[in-house]
Amino acid sequence: MSQYREPGFSELVLTVAAGAIETLLKEERERDLNIARFSIDLLKLLKEKTKGNLNEDERNFLQGVIHELQLKYVEQLKSSKGGNNGKGKNISDS
């Protein structure tokens, strides 16, 4: 049996990001970009609310995760064929 490890900031970020990652990896017909957008917005909220309270590594990690997810989101939004996915709103509008 493995030892329990206290959760840290990176685990929190990755847990929130998991929703976006899972959604962005799905086939287009199964993808709901609103789920990915919600996860990205939660991470942006976390960044805003923790401003001044994170060390440099945590800050860089969070910003890197947000940046990568936003890039993938925009890529998927552009490749989607209109439908419900993302409702046409750009991630930077929020």
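The values are calculated or read from the model by the stated rules, or taken from the named source; none is laboratory data. The model shown is predicted, which means the values in this text are computed figures rather than measured ones. Cβ: placed from backbone, ideal geometry, glycine included. Neighbour counts: every protein chain shown.
List of remarks:
- Looking only at segment 4-26, and only at residues there that are outside any helix (DSSP H, G or I) and not small (G, A, S), the one that is modelled with the lowest pLDDT: K26
- Residue list for segment 1-41, filter: surrounded by 11 or more Cβ atoms within 10 Å (Cβ to Cβ), out of contact with any helix residue (DSSP H, G or I) (no Cβ under 9 Å at 6 or more places or on another chain) and of a type in the set (S, T, Y): T15
- In segment 45-57, the residues that are under 16 Å from H67 (Cβ atoms) form Cβ pairs under 6 Å with partners that are aliphatic (A, V, I, L, M) and at pLDDT 95 or above, at six or more places apart or across chains, as follows: K47/L62.
- Some residue of segment 69-87 being at pLDDT below 95, touching a Phe, Trp or Tyr at 6+ places or on another chain (Cβ under 6 Å) and not in a loop (DSSP other than H, G, I, E, B): no
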